[in-house]
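J.: Dumping the structure here so I can ask a few things about it.
The values are calculated or read from the model by the stated rules, or taken from the named source; none is laboratory data. Owing to the predicted nature of the structure, the values given are computational and were not obtained by experimental measurement. Positions of Cβ are generated from backbone atoms using ideal geometry, with glycine treated the same way; all protein chains shown enter the neighbour counts. Areas reflect the complete protein model, heavy atoms only, side chains present, ligands, DNA and RNA absent. Shrake-Rupley method; radii C 1.70, N 1.55, O 1.52, S 1.80 Å.
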Amino acid sequence: MATEASSNRIGILVGGGPAPGINGVIYAATMGACKNNRELIGIYDGFKHLMTGTIAGITLRPEVVAYIHQEGGSILRTARANPTKSAEALQNCVSALLEAGITSLVSIGGDDTAFSASQVARYAKETMGIRLCSVHVPKTIDNDLPLPEDIPTFGFETARALGTQLAMNLKRDAATVQHWFLVMTMGRKAGHLALGIGKSAVATVTLIPEEWSGQEIRLQEVVDILATSILMRILEQKHYGVAILAEGILENLAHKDLETLDNVELDEHGHIRLAEINFLDILKQNLDRELEQMGIEMRLVKHVLGYELRCAPPNAFDVEYTRTLGEAAIDFLLQGGTDAIITLQHNQIVPIPYGEMIDPETGRTEVRMVDTSSYRYQSSYKMMARLKPEHARDEALFEQLATLTNLTCQEFKERFGYLAGAAPRPF
């Protein structure tokens, strides 16, 4: 049976990538702890220092956190250090926390950080016989945690709003200079952010991994969709456009196509460092080649819409949301709670036990995907300039598109008709 440690300090740390609103959680947690006469220790750089048996941090007081809830970034910084890689790292984390008098830990992060926090608490209990209380506040601009459909994750609304503004700027640039932008947005598994930005900015076409229903995505198909979108815009006398692509397309790319990517790097949790891969370079090269073979001249410009979204000042929604979550995390601990993820559902705080949200084998939460059968997605799809199933029997359209190229109508249909279901897939 786990024993209670004597001190009652609470620790708080941030892991994973930044998201707008982190400081809001820290602010609310600080205010909640101080009002209940509990000392809150802010731990720098996630689990990085804890894994070596040391603590680098600061005592958080109201005067320290004043106004930070309106600021982007994290005053505690963040890191992707993974303590679950070894028993020694786990033991070091627990020992460092206990030596500092910390008996409860608030973690802020995605599923990797949640898993790390759960395993630190579990190691403390099962191996060291000590009860280390743990509560996790989930954050991700990807909006892909398994919450009810109408409940966003914190940081998403700010990232979508800023991403939309930037995408609108790119649309204006594309129309002014007459070229196309290929824009990659964050969204490792799901396309919520790409769809939110694409629909709000009325992008020419938005591609998300859910469109392929979990099947491997072929690079050539992505190229073909974009090539025919460009042609359909030219038919409208519009030699410009913006294509939004979720980075999850790269995550789900067919293995045979991944082999063409150079210098693939993995992070501490074994994920491909998507931001470090030259996917847009490869996509642009293949699309340039496709257009050149058809006799089409079009300037393509690559743009990654990612890091500038993560540390943006949170909008009003995320300020309110994160302050609620931060206060709820402290309340949960003070009421004797442990081993749960804090969520806000239907305006009520709902702690979800780690065991219900985290798969102990994979260390991952279930991913909430975009529902492509939803009206939200279908209304966006209808507005995209691309070949669709309703074009399968439109011979006049295929004839018009072919005349823009050096292909005959039959050649064009044999090559690209599969996108509308009018021909077999050529690869």
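J.: Restrict the search to region 116-178; then list the GluC sites (Glu not before Pro) that DSSP places in a loop and that have at most 10 other Cβ atoms within 10 Å of their Cβ.
T.: Here the sparse-neighbourhood loop sites are 149.
J.: Determine the gain in length on full extension of the stretch residue 127-residue 54; use 0.36 nm per residue of separation and subtract their C-alpha separation, reporting nm with one decimal.
T.: 24.3 nm
J.: Still on this structure, I have one more. Against the 2.2 N^0.38 Å scaling, with N counting residues, where does region 87-223 land? I'd like the Cα-based Rg ratio to two decimal places.
T.: 1.47
J.: Quick one: with all protein chains in place, what share of the accessible area of region 111-241 is carbon or sulfur, to the nearest percent (1.4 Å probe)?
T.: Carbon plus sulfur share of accessible area: 47 percent.
J.: Can you tell me the accessible area per residue over region 71-119, all protein chains present, probe 1.4 angstrom, in square angstrom?
T.: On a per-residue basis, region 71-119 sits at 32 Å².
J.: Once amide H atoms are placed 1.01 Å from N in the peptide plane, what residues at a sequence separation of 5 or more from residue 364, or on another chain, have their amide H within under 5 Å of its amide H?
T.: 359
J.: How are the Cα pair distances of region 56-119 distributed, in percent, across 5 Å bins from 0?
T.: 3, 13, 21, 25, 19, 11, 6, 1
J.: Now, a different point. Relative contact order, percent, of region 99-204 when contacts are C-alpha pairs under 8 Å separated by at least 6 residues?
T.: Here the relative contact order equals 23 percent.
J.: Using modelled backbone amide H atoms (1.01 Å from N, in-plane), which distant-in-sequence or interchain residues come within less than 5 Å of residue 108's amide H?
T.: Under 5 Å from the amide H of residue 108: 13, 14, 15, 137.
J.: Here is a further query. Evaluate 2.2 N^0.38 Å with N set to the residue count of the chain, then give the Cα radius of gyration divided by it.
T.: Relative to the rule-of-thumb radius for its length, the chain sits at 1.11.
J.: So, with +1 on the Cβ of K and R and -1 on the Cβ of D and E, and no other charges, what is the size of the charge dipole of region 23-87 about its Cα centre, to the nearest 20 debye?
T.: So the dipole magnitude of region 23-87 works out to roughly 200 debye.
J.: Testing the spin-label approximation: label points 7 Å from Cα along Cα→Cβ at residue 359 and residue 317. State their distance in nm.
T.: It works out to 2.9 nm between the two label points.
J.: Also, quick follow-up: Which of 178, 166, 114 sits closest to the plus end of the dipole of region 64-200, meaning its Cα is farthest towards the positive end, when Lys and Arg get +1 and Asp and Glu get -1 on the C-beta?
T.: 178
J.: Using the crude model of +1 on Lys and Arg Cβ and -1 on Asp and Glu Cβ, and no other charge, please compute the dipole size for the chain relative to its Cα centre, in debye to 20.
T.: Computed charge dipole of the chain: roughly 680 debye.
J.: Go through region 360-368 residue by residue and turn each phi into a ³J(HN,Hα) via Karplus (6.51, -1.76, 1.60, θ = phi - 60°); whole Hz please, and just put x for glycine and proline.
T.: x, 6, 9, x, 10, 8, 5, 8, 8
J.: Counting other Cβ atoms within 10 Å, which chymotrypsin sites (Phe, Trp or Tyr not before Pro) in region 13-119 have at most 13 and lie in a DSSP loop?
T.: For chymotrypsin sites (Phe, Trp or Tyr not before Pro) across region 13-119 that sit outside H, G, I, E and B with at most 13 neighbouring Cβ atoms in 10 Å, the list reads 67.
J.: Still on this structure: For region 339-408, what % of the accessible area comes from carbon and sulfur atoms, probe 1.4 Å?
T.: With neighbouring chains kept in place, the figure for region 339-408 is 52 percent.
J.: Another question, then. Provide the gained length on full extension for the span residue 378 to residue 202, in nm with one decimal, where the gain is 0.36 nm per separating residue minus the Cα-Cα distance.
T.: Taking residue 378 through residue 202 to full extension adds about 62.0 nm, to one decimal.
J.: Calculate, in nm to one decimal, what residue 39 and residue 235 gain on full extension: separation in residues at 0.36 nm each, minus their alpha carbon distance.
T.: Stretched out fully, the residue 39 to residue 235 stretch lengthens by 64.0 nm.
J.: Hey, can you find the accessible area per residue of region 311-427 for me, probe 1.4 Å, expressed in square angstrom?
T.: Counting only protein heavy atoms, the per-residue value for region 311-427 is 54 Å².
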